[in-house]
Amino acid sequence: MNRCSARLKIYACIAALMLSRGGAAGADQSIQADDRAPTRPAILFNRWQEDWSVLADPRVPREPFDSLKYIPLSADDPKTYLSLGAGLRERFEANDATSFGVGTNRNQDYVISRAEVSADLRVAGQFQLFVQLQKENAFDKKILTPVDQDRLDLEQAFIALVEPLAGGTLKIRLGRQQFGFDLQRFVSVRDGPNVRQSYDAAWVDYEHGPWRYIAFYSHPVQDRDLRPFDDNSNNQLTYGGFRVERKITNSANLSAYISRFTQDGARFPGAHGYERRDIVDVRFAGTKGSFDWDVEAMNQVGRIGLQDIEAWAFGSLAGYTLRDLPWTPRLGIQVDASSGDRSPTDNRLNTFNPLFPNGYYVTLAGYTGYVNFIHVKPSVTVHPLAKLKLMGAVGMQWRETTADAVYTQPDIPVAGTVGRPGRYTGTYGQIRADYALNPHVSMALEVVHFAIADAVRGAGGHDSNYVGAEFKYGW
């Protein structure tokens with residue numbers, strides 16, 4: 001018994017020593033993990049969402065001009081600081097048939113340029129003052145639209161407050177700002193064209209667990225480009241609503257919102273006058289394994305002039321990624337549809353209003369508006385390099401009703417197509433390459449060929465070609 005007791009004591013001591021060493025090693029690993037330097041912020045689509053307070057940590061890798069990215073304003077609080085930023089986007093575009101050549105057959109080769117500078121003041125991680133200036137030029141573009149040029153103007157200028165409330169987080173933004181919902185099919189920042197969409201708005205956001213509640217009211221800003229700082233908003237164009245989001249799983253989200261859009265002097269082929277649309281939108285998106293999806297539906301009712309409005313739209317993207325194959329190809333399918341006016345004499349407008357759409361969603365060529373159309377687009381996306389993404393697609397389009405026009409981006413009717421027979425609009429091929437050179441510089445190339453059908457050809461249109469080459473820099 002004495003020998004057994006002695007052996008047990010020895011084994012216990014050895015076990016304790018091993019556990020002690022293991023615990024020490026675990027503690028060392030924990031310390032090492034805690035000692036790792038924070039990651040530098042990425043240059044984000046919304047520059048006001050970047051948090052440069054990590055540069056208060058001397059272990060964060062430094063880059064030139066970091067003294068301007070993080071200017072501390074308090075010796076005791078690293079979350080109180082000023083940050084400066086800038087961005088530049090240059091895009092060459094060649095388009096041989098704006099609106100399929102109906103009304104004009106002039107080729108257009110031009111460069112659109114967008115330059116932005118910003119200042120971001122943060123106080124204690126709770127107060128923010130963000131100001132961003134913009135300057136857009138369209139060099140050699142013969143046919144200018146309201147989204148092509150803005151000589152110098154206030155793109156964003158808002159104050160924001162973040163407060164803990166009842167176990168959640170309350171966020172309030174007041175002033176000129178930019179916002180978009182989901183894939184920005186219908187409410188977007190409008191990054192495709194040159195002048196982005198801003199809103200003079202009040203925004204209230206409350207997040208609690210898997211729930212998020214948003215209330216907003218805005219006057220969308222209209223670009224004038226007559227002199228510097230002349231962009232404005234007014235009661236002639238308003239948009240506001242209430243939105244609820246719910247995180248179903250870590251990779252799936254459900255959202256819904258109701259909103260109201262009003263516009264003075266609206267014009268459609270089948271109606272004109274004061275426009276009021278009451279809108280209901282539902283979206284479900286997520287991923288599961290190699291499968292991804294994004295499905296959204298919108299319904300619109302209201303009045304325009306003396307006519308009732310009844311319109312709808314549907315959008316969907318889905319894909320399956322073959323992760324075990326070289327270049328990890330993703331096989332995708334996109335199916336979209338929106339209503340058109342059924343009859344010019346029934347005292348009812350069925351033409352869908354795409355609100356504030358993002359041209360990126362279909363193609364940058366602008367040949368397709370999200371109005372009176374049915375759209376089916378299979379695609380293949382591959383990654384030959386870690387920083388390079390290639391996408392090829394074929395799109396097929398129809399009109400939802402031949403009583404309404406064929407529309408180009410965003411909601412411009414092609415002259416002479418109202419009531420013309422033939423639902424099929426045409427087929428297009430699209431190739432796009434995106435390359436991220438480094439965290440600051442990215443490039444893209446997009447080529448589109450649209451082969452029109454008889455409905456457009458009969459109105460005087462012809463096949464169309466587009467090439468866009470883009471350079472983007474963010475600091």
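Quick note: the coordinates plus some simple rules give every number you see, no bench work behind them. Model, not experiment: these values are computed from the prediction. Quick reminder, even Gly has a Cβ in these numbers, built from the backbone with ideal geometry, and neighbours come from all protein chains shown.
Phi angles of the stretch 412-419 translate, via the Karplus equation with coefficients 6.51, -1.76, 1.60 and θ = phi - 60°, into HN-Hα couplings of 9, x, 7, 4, x, 9, 5, x Hz per residue; Gly and Pro are given as x. Listed values for the stretch 327-343 are Karplus-derived 3J(HN,Hα) couplings in whole Hz (6.51 cos²θ - 1.76 cosθ + 1.60, θ = phi - 60°), namely 6, 6, x, 10, 9, x, 9, 10, 10, 9, 7, 8, 7, x, 5, 7, 7, and x replaces Gly and Pro.
The loop-placed chymotrypsin sites (Phe, Trp or Tyr not before Pro) in the stretch 314-390, going by DSSP, that have at most 16 neighbouring Cβ atoms within 10 Å of their Cβ come out as W327. Counting charges near R224 (Lys, Arg +1; Asp, Glu -1) among other residues having Cβ under 12 Å from its Cβ returns a value of -4. Pairwise Cα distances in the stretch 137-188 exceed 16 Å for 68 percent of all pairs. Taking only the alpha carbons of the stretch 322-475, we obtain Rg and Dmax values of 17.8, 57 Å in that order.
Please compute, over every Cα-Cα pair in the stretch 318-378, the percentage with a separation greater than 17 angstrom. Before the final figure, lay out the partial values.
Values: 1038 of 1830 pairs.
Everything past 17 Å amounts to 57 percent.
Rg(Cα) of the stretch 172-246 divided by 2.2 N^0.38 Å? Write out the running numbers ahead of the final one.
Details: Rg = 13.8 Å, N = 75, 2.2 N^0.38 = 11.3 Å.
For the stretch 172-246, the normalised Cα radius of gyration comes out at 1.21.
Hey, what number do you get for the chain at 222 nm if only DSSP H runs of n ≥ 4 count, each worth -39500 (n - 2.57), divided across all residues, to the nearest 500?
-3000 deg cm²/dmol
What is the sum of charges, Lys and Arg at +1 and Asp and Glu at -1, for the other residues whose Cβ falls under 12 Å from the Cβ of L388?
Details: positive: K387, K389, R432; negative: D434.
Residues close to L388 contribute a combined charge of +2.
Between the DSSP loop rule and a limit of at most 10 other Cβ atoms within 10 Å, which trypsin sites (Lys or Arg not before Pro) in the stretch 293-377 are left? Kindly include the intermediate steps, with their values, before the conclusion.
Values: sites: R303, R323, R330, R342, R348; in loops: R323, R342.
Here the trypsin sites (Lys or Arg not before Pro) that fit, given the DSSP loop and packing criteria, are R323.
Charged neighbours of A365, selected by a Cβ distance under 10 Å, balance to -2 (K, R count +1; D, E count -1).
For the stretch 59-136, the Kirkwood hydrodynamic radius comes to 16.1 Å, computed from all pairs of different C-alpha atoms. Contact order for the chain, expressed relative to its length and based on alpha carbon pairs under 8 Å spaced 6+ residues apart, stands at 11 percent.
Taking Cα centre as origin and charging only the Cβ of basic (Lys, Arg, +1) and acidic (Asp, Glu, -1) residues, the dipole magnitude of the chain rounds to 1360 debye.
Taking the fewest neighbouring Cβ atoms within 10 Å as the starting point, the ordered list for W48, W312 is W312, W48.
Taking only the Cα atoms of the chain, the radius of gyration and Dmax are 27.0, 108 Å.
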